[in-house]
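J.: One structure coming up, written as structure tokens, with questions to follow.
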Amino acid sequence: MAVRRAGPVAVLILTAVVVVAAWVSWFLGGLTFADAADDSYLLTNSAQALTFTTFGALVLAHRPGHRIGLLFVAYGACYTLSVACLGLLTDAVGLPEGWARAVELFGITAWIPAPVVCLPLIVQLFPDGRPLSRRWRPLAVATLAVLPFTPIPTLPVAAGPAGDGPATEEPMLPVIVGEVAQRLIPVFAAVAALVLLASLGALVLRVRRSRGVPRQQLMWLLWAVGLFAALNAQRIVTTDGPVLFLLTLPLIPAAATVAILRHGLYDIELIVNRSLVYGALTLGVVLAYLGIVAGLSALARDRLSAAPLIATAAVALAFAPARSAVQSLVDRVMYGQRRDPVAAAARVGLRLGAGLDGVLRAVCEALRLPYAAVASDGRLVATYGRSPRRRHTVSLEVADGPPADLLVGLRAGESRLSGADRRALELLAAPVGLALQAVRLSEQLGESRTRIVAAREEERRRLRRDLHDGLGTVLTAVTLKADAAHNLRHTDPERSARLLLDLRADLTAAIADIRRLVYNLRPPALDELGLLGALRQRAHDSWRREHAGYVVTIDAPDDLPPLPAGVEVAAYRIATEAVTNALRHGGATACRVSLRADHAALHVEVSDDGSGGAGAWPHGVGLRSMHERAGELGGTLTAGPTDRGGRVHARLPLEQT
């Protein structure tokens with residue numbers, strides 16, 4: 001470990017020695033710190049040499065041979081050479097004029113490869129140092145191709161009068177070289193700028209397409225580049241020198257080093273969030289201050305000397321509310337309404353009328369999520385957005401039917417949802433569950449209507465068959481026998497009498513068929529005795545006669561209100577079917593039928609003392625028929641086992657819609 005770190009440490013020590021020696025030479029030559037800051041690039045070049053070399057050595061010490069660390073060191077070496085040359089040009093060293101001229105030219109050339117070649121390569125190879133895909137390799141080739149042309153900006157200086165530097169009696173290069181170089185400088189600058197911009201564009205695309213740890217690392221570099229650009233945006237207005245520009249550039253290697261060595265230690269999403277908040281606050285404070293001062297000065301015609309003080313007080317008073325507002329705005333842009341889950345739930349609830357698809361879209365919009373879906377029974381019921389690789393699952397609570405889950409896609413770069421996101425989704429699961437229940441009820445309603453239509457047509461077909469094949473045949477035979485008996489009344493009275501007896505039997509069978517058909521349409525007992533009387537008659541005559549010892553109790557008030565015909569038939573059929581099921585399948589010895597009516601519905605409850613079974617009852621023909629009869633009227637029916645046996649409860653609305 002110590003041997004592995006010796007090389008990077010030695011490079012860092014050498015850089016520090018060169019920088020210190022240059023500053024010592026500077027001060028011994030009679031120059032001041034102000035001269036270093038204002039009249040030369042000694043300060044800025046020293047800062048970049050030390051920072052880039054330091055971060056490069058740090059990366060290489062922990063990741064030997066890492067290309068980003070090597071590029072940091074190369075970047076720092078360019079500025080170290082420039083600093084060394086600046087230190088040699090002072091009066092304390094006293095170089096001969098020819099040597100001084102050569103050192104000066106080398107010093108102003110040595111730093112150029114750093115921003116023109118090293119910096120784009122750092123952006124291109126970050127974070128693991130491996131080359132980009134084939135589509136970006138021409139960019140790396142173009143970056144390296146710029147390296148031989150980096151002396152172009154200093155050739156006019158070496159050519160004497162053609163350059164911007166001081167004229168010399170003996171130029172180091174022919175004047176024609178300086179003139180050609182002068183014309184090539186804009187081309188060189190444009191190519192270098194395009195290479196850097198293309199590298200940054202590739203970085204943005206990689207951030208958008210990457211996931212997990214690589215994206216977190218790339219976000220660090222992108223954040224540093226954005227912060228560097230924001231800090232130097234003032235140069236567009238102030239046209240200040242490059243001091244701030246060069247001193248803030250080390251933000252890039254600092255962020256890159258953190259991303260390579262400690263990317264999991266800090267939450268880059270939080271850092272970006274806070275940077276946006278305080279960046280917007282800083283801009284707002286400056287603009288508000290300048291606006292208030294300018295406004296007060298204009299109103300007072302420059303006679304109000306306290307304008308800056310008033311502006312400062314106003315900005316201070318508005319800072320806290322402004323920070324809260326900006327923080328809320330940034331959170332809303334990045335994460336939606338996760339900090340206000342009640343508002344998010346209200347937003348989703350307003351979309352219940354749009355169906356499950358509309359609700360899922362509202363969930364994505366409320367939390368800025370890329371994808372949402374509802375899954376049940378191993379299939380997707382509804383989806384919105386494009387499914388990412390990483391998803392989070394929330395269980396949905398539904399009244400009945402198979403269990404279901406809400407699936408949401410994680411935002412780009414996230415490996416898991418935050419606690420605030422999970423809490424918001426738990427609240428949003430309620431309206432999503434309601435929407436799913438509505439979809440299921442709609443599907444059940446459609447299926448029920450289909451079954452009703454099919455049952456109606458089947459009933460018509462059965463009636464036609466019974467009337468044609470049964471009653472029609474009997475009546476035809478009756479007619480023929482009546483004619484035969486009439487013809488034989490004088491010639492063969494005995495045979496005529498036998499035919500009349502057969503005729504009576506046929507008519508009796510026809511009457512039984514008619515009664516059976518009428519009973520299937522509507523039990524006659526309902527018209528003769530009413531619902532309560534019909535059930536009591538059925539309990540007394542049929543059930544007790546067919547099953548000795550079986551007790552059926554009818555519990556209902558004698559003053560039941562008048563019931564619609566459809567409600568009477570449905571209640572009678574449900575009650576008789578439930579009692580029959582308890583008798584046949586439940587092993588019951590006693591059964592209780594309760595009828596109760598309120599202002600809105602008739603409640604029919606059938607309870608027995610049978611085994612009831614374990615778990616939910618299977619949906620056989622009888623149970624399905626009861627559900628359909630209740631559903632046809634817009635009512636509900638629940639059936640299942642209890643601690644004391646079985647129970648069927650139907651709610652039948654009295655007002656049909």
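J.: From the list S46, S40, which one is closer than 24 Å to T248 by Cα, modelled with pLDDT under 80 and either among the hydroxyl-bearing types (S, T, Y) or crowded, with 19+ Cβ neighbours inside 10 Å (or both)?
T.: Sole residue among the options that is closer than 24 Å to T248 by Cα, modelled with pLDDT under 80 and either among the hydroxyl-bearing types (S, T, Y) or crowded, with 19+ Cβ neighbours inside 10 Å (or both): S40.
J.: While we're looking at this one, here's another question. Can you tell me which residue among A578, A614, A639, A588 is loosely packed, with under 15 Cβ neighbours inside 10 Å and either at pLDDT below 85 or not in a loop (DSSP other than H, G, I, E, B) (or both)?
T.: None of the others qualify; the one that does is A614.
Yes/no matrix, rows are residues, columns are (1) of a type in the set (A, V, I, L, M); (2) part of a strand (DSSP E or B); (3) touching a residue at least 24 places away in the same chain (Cβ under 8 Å); (4) closer than 11 Å to H392 by Cβ:
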{"residue": "L417", "(1), (2), (3), (4)": "yes, no, yes, yes"}
{"residue": "D421", "(1), (2), (3), (4)": "no, no, yes, yes"}
{"residue": "L425", "(1), (2), (3), (4)": "yes, no, yes, yes"}
{"residue": "G433", "(1), (2), (3), (4)": "no, no, yes, no"}
{"residue": "A438", "(1), (2), (3), (4)": "yes, no, yes, no"}
{"residue": "E457", "(1), (2), (3), (4)": "no, no, no, no"}
{"residue": "R462", "(1), (2), (3), (4)": "no, no, no, no"}
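J.: Being surrounded by fewer than 15 Cβ atoms within 10 Å (Cβ to Cβ), assigned to a helix (DSSP H, G or I) and in contact (Cβ under 8 Å) with a residue 24 or more places away in the chain, is that true of even one residue in region 479-491?
T.: Scanning region 479-491, I find no residue that is surrounded by fewer than 15 Cβ atoms within 10 Å (Cβ to Cβ), assigned to a helix (DSSP H, G or I) and in contact (Cβ under 8 Å) with a residue 24 or more places away in the chain, so the answer is no.
J.: So is S199 among the small types (G, A, S), within 29 Å of R137 (Cα to Cα), touching a helix residue (DSSP H, G or I) at 6+ places or on another chain (Cβ under 7 Å) and modelled with pLDDT of 80 or more or not?
T.: yes
J.: Sort through L434, L445, L406 and tell me the only one that's touching a Gly at 6+ places or on another chain (Cβ under 9 Å), surrounded by 16 or more Cβ atoms within 10 Å (Cβ to Cβ) and within 30 Å of L633 (Cα to Cα).
T.: On inspection, the qualifying residue turns out to be L434.
J.: Another one. What's the number of the condition A362 fails, among (1) without any contact (Cβ under 8 Å) to a residue 24 or more places away in the chain; (2) surrounded by fewer than 19 Cβ atoms within 10 Å (Cβ to Cβ)?
T.: Every listed condition holds for A362 apart from (2).
J.: Consider E632 carefully, then state whether it is modelled with pLDDT of 85 or more and either surrounded by fewer than 15 Cβ atoms within 10 Å (Cβ to Cβ) or acidic (D, E) (or both).
T.: No.
J.: May I ask you to verify whether S442 is in a helix (DSSP H, G or I) and of a type in the set (S, T, N, Q)?
T.: yes
J.: Just to be sure I understand, how many residues within region 365-385 are of a type in the set (A, V, I, L, M, F, W, C) and touching a residue at least 40 places away in the same chain (Cβ under 8 Å)?
T.: Residues in region 365-385 being of a type in the set (A, V, I, L, M, F, W, C) and touching a residue at least 40 places away in the same chain (Cβ under 8 Å): 6 in total.
J.: Residue by residue through region 368-408, note down the ones that are assigned to a strand (DSSP E or B) and out of contact with any helix residue (DSSP H, G or I) (no Cβ under 8 Å at 6 or more places or on another chain).
T.: Correct list: A375, R379, L380, R391, T393, D405, L407.
The values are calculated or read from the model by the stated rules, or taken from the named source; none is laboratory data. Just so you know, these numbers come straight off a predicted model, no measurement behind them. Cβ sites come from the backbone with ideal geometry, for glycine too, and all protein chains shown count toward neighbours.
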